[in-house]
Amino acid sequence: MSSTIYIETSIIGYLTSWPSRDLITAANQRLTHDWWNQCRKNFDIFISQFVIDECAVGDAIAVKERLDVIADIRQLDVTEAVEALADGLVHQVLLPEKAQVDALHIAIATVHGVEYLLTWNCTHIANAVLRPQIETTCRSFGFEPPTICTPQELMEV
C-alpha cells in the first residue's frame, strides 16, 4: 500500500508557473518538477476543493493548466470536523485570518489521516516555529497530524 499525500496549492503553482528569475524560487520549481516526475508515483495523492478553488483563480490560460494537472487527483471531503479543526488552528496557533485556507489545508489532510502534506507555503504551513503548535492543536482535537514537508524533504522516498 502506498503512502498518502495531500498536495497543497503551492505545489501546483510551482509545477505550472514559468521559471522564476529568483534563484531560490527557480530551484524550488525544479525540485517540484523532479518530485512530480520521479516520486509522485510512490504515493496515493489527494487534493481538496480548496486546492481546486485556488487553482481556478487568475489568468485563464494558467487556470486551465493548473486545473488540467489536478483533474485526475482524488478529492477529500470537507466535513464538520475539518471546519472545526481549521477554526481551532486559526485560534490556537494564532494564524492570521488571511491564513484560514492554509488552516483548512492542514485540517483536511489531518482529519482524513493523510500521512504527508506537501507544500511550499513556509509562512503558515511548513514553518518550523508553527509546526509544534499545529501538531499540538491537531492532537488536542483527537487527530494525528500529517508530516508537513516540501518536495525537497520528500525526494528520498
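Take the chain, connect every pair of alpha-carbon atoms lying under 10 Å apart with a spring to form a Gaussian network, then pick out the residue of Ile106, Ile11, Ile24 with the largest mean-square fluctuation. Largest GNM mean-square fluctuation: Ile24. Between Gly58, Gly113, Gly13, the residue with the greatest mean-square fluctuation in the GNM of the chain (Cα pairs under 10 Å linked by springs) is Gly58.
Shape index of the chain: Rg/Rh, with Rg the Cα radius of gyration and Rh the Kirkwood radius from the inverse mean 1/r over Cα pairs, equals 0.95. Counting only DSSP beta bridges with both residues in the chain, the antiparallel share comes to about 0 percent. For Glu8, nonlocal amide neighbours, meaning residues 5 or more places apart or on other chains whose placed amide H falls under 5 Å from its own, are Leu118. Put simply, the convex hull of the Cα atoms in the stretch 118-157 casts, on average, a shadow of 3.0 nm².
For the stretch 51-67, backbone phi angles converted through the Karplus equation (6.51, -1.76, 1.60; θ = phi - 60°) give residue-by-residue couplings of 5, 4, 4, 5, 5, 8, 9, x, 4, 4, 5, 5, 4, 4, 5, 5, 5 Hz, Gly and Pro being listed as x. 3J(HN,Hα) along the stretch 141-149, derived from phi through the Karplus expression 6.51 cos²θ - 1.76 cosθ + 1.60 where θ = phi - 60°, amounts to 8, x, 10, 8, x, x, 6, 8, 7 Hz, with x in place of Gly and Pro. Helix 23-38 and the long axis of the chain differ in direction by around 90°, with both axes built from C-alpha atoms.
Every number here is computed from the coordinates shown, using simple stated rules; none is lab data. All values derive from a computational prediction rather than experimental measurement.
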